[in-house]
1. Of all residues in the stretch 84-107, which are among the polar types (S, T, N, Q) and either within 14 Å of Pro9 (Cα to Cα) or in contact with a Gly (Cβ under 8 Å, 6 or more places away or on another chain) (or both)?
2. When the residues of the stretch 32-42 are filtered to those that are within 25 Å of Ser61 (Cβ to Cβ) and in contact (Cβ under 8 Å) with a residue 60 or more places away in the chain, which remaining residue is surrounded by the most Cβ atoms within 10 Å (Cβ to Cβ)?
3. I want to confirm something. Restricting to the stretch 81-101 and keeping residues that are buried (at least 16 other Cβ atoms within 10 Å of the Cβ) and among the β-branched types (Val, Ile, Thr), which single residue is farthest from Thr31 (Cα to Cα)?
4. Give the stretch 73-102 a look and list any residue that's closer than 25 Å to Pro40 by Cβ, assigned to a helix (DSSP H, G or I) and either aliphatic (A, V, I, L, M) or free of Cβ contacts under 8 Å to residues at least 40 places away in the same chain (or both), or say none.
5. Which of the following residues is out of contact with any Ser or Thr (no Cβ under 8 Å at 6 or more places or on another chain) and modelled with pLDDT of 95 or more: Val133, Val145?
6. Restricting to the stretch 66-83, give me the number of residues that are more than 12 Å from Val8 (Cβ to Cβ) and either modelled with pLDDT under 95 or within 15 Å of the chain's Cα centre (by Cα) (or both).
7. For the stretch 4-31, which residues satisfy the criterion of being touching a residue at least 40 places away in the same chain (Cβ under 8 Å) and assigned to a helix (DSSP H, G or I)?
Amino acid sequence: MALAHVLVPMDGSPLSKRALRIALEEHPDATVTVLHVIDPTQPGYSYPIESDLDTEPLHGSEDWYERSEELADQLFSEARDIAAEYDATIETETATGEAGRTIVEFATDHDIDGILIGSHGRDDDDLSLLGSVTETVVFRSPVRVLLVR
């Protein structure tokens, strides 16, 4: 089933990058939006690039939000590089809030036809089926969700 507008939530994990690749391969004519959520309730989630949370700015501070935006920009740069491998362009969006709920709200508010999401945001060796963010998206999404493992 071809989708016109695909949402790929990205947290920088290997599975989120794989989800983007699959979206670009399987839906080459779709608008692909990469969404990164800055989640003030989970400090580590907003840091898509491996970092030492002990040396990062105080969680919730203005410096923390600025650093989260900088890291989102780095993540989007990597996502654009992936899209270039498929001769495609992507849209990028940043939102702030609890990640799972924010992804569902974004899908509802932006005419999304389907969500491609990594089954969890941890490394590839983790055998868990669903992470907490993905679980929220799967059970609350108003549109089809494709889990990438």
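The values are calculated or read from the model by the stated rules, or taken from the named source; none is laboratory data. Worth saying up front: this structure is predicted, and the values here are computed from it rather than measured. Here the Cβ is made from the backbone with ideal geometry for all residues, glycine too, and neighbour counts use every protein chain on show.
1. Here is the first cut: in the stretch 84-107, the residues among the polar types (S, T, N, Q) are 89, 92, 94, 96, 102.
Of everything in the stretch 84-107, those that are among the polar types (S, T, N, Q) and either within 14 Å of Pro9 (Cα to Cα) or in contact with a Gly (Cβ under 8 Å, 6 or more places away or on another chain) (or both) turn out to be Thr92, Thr94, Thr96, Thr102.
2. The initial filter retains those residues of the stretch 32-42 that are within 25 Å of Ser61 (Cβ to Cβ), namely 35-42.
Narrowing the set further to residues that are in contact (Cβ under 8 Å) with a residue 60 or more places away in the chain leaves 35, 37, 39.
Details: Leu35: 24, Val37: 26, Asp39: 22.
So, considering only residues that are within 25 Å of Ser61 (Cβ to Cβ) and in contact (Cβ under 8 Å) with a residue 60 or more places away in the chain, the one surrounded by the most Cβ atoms within 10 Å (Cβ to Cβ) is Val37.
3. Checked the stretch 81-101; the qualifying residue farthest from Thr31 (Cα to Cα) is Thr94.
4. Asp73, Gln74, Leu75, Ser77, Ala79, Ala99, Arg101, listed by residue number.
5. Details: Val133 fails: modelled with pLDDT of 95 or more.
None of the others qualify; the one that does is Val145.
6. Keep residues of the stretch 66-83 that are more than 12 Å from Val8 (Cβ to Cβ), which gives 66-74, 77-78, 80-81.
If we keep only those that are either modelled with pLDDT under 95 or within 15 Å of the chain's Cα centre (by Cα) (or both) as well, we get 66-74, 77-78, 80.
Result for the stretch 66-83: 12.
7. Once the filter is applied, which keeps residues that are touching a residue at least 40 places away in the same chain (Cβ under 8 Å) and assigned to a helix (DSSP H, G or I), the stretch 4-31 yields Pro14, Leu15, Ser16, Lys17, Arg18, Ala19, Leu20, Arg21, Ile22, Ala23, Leu24, Glu25.
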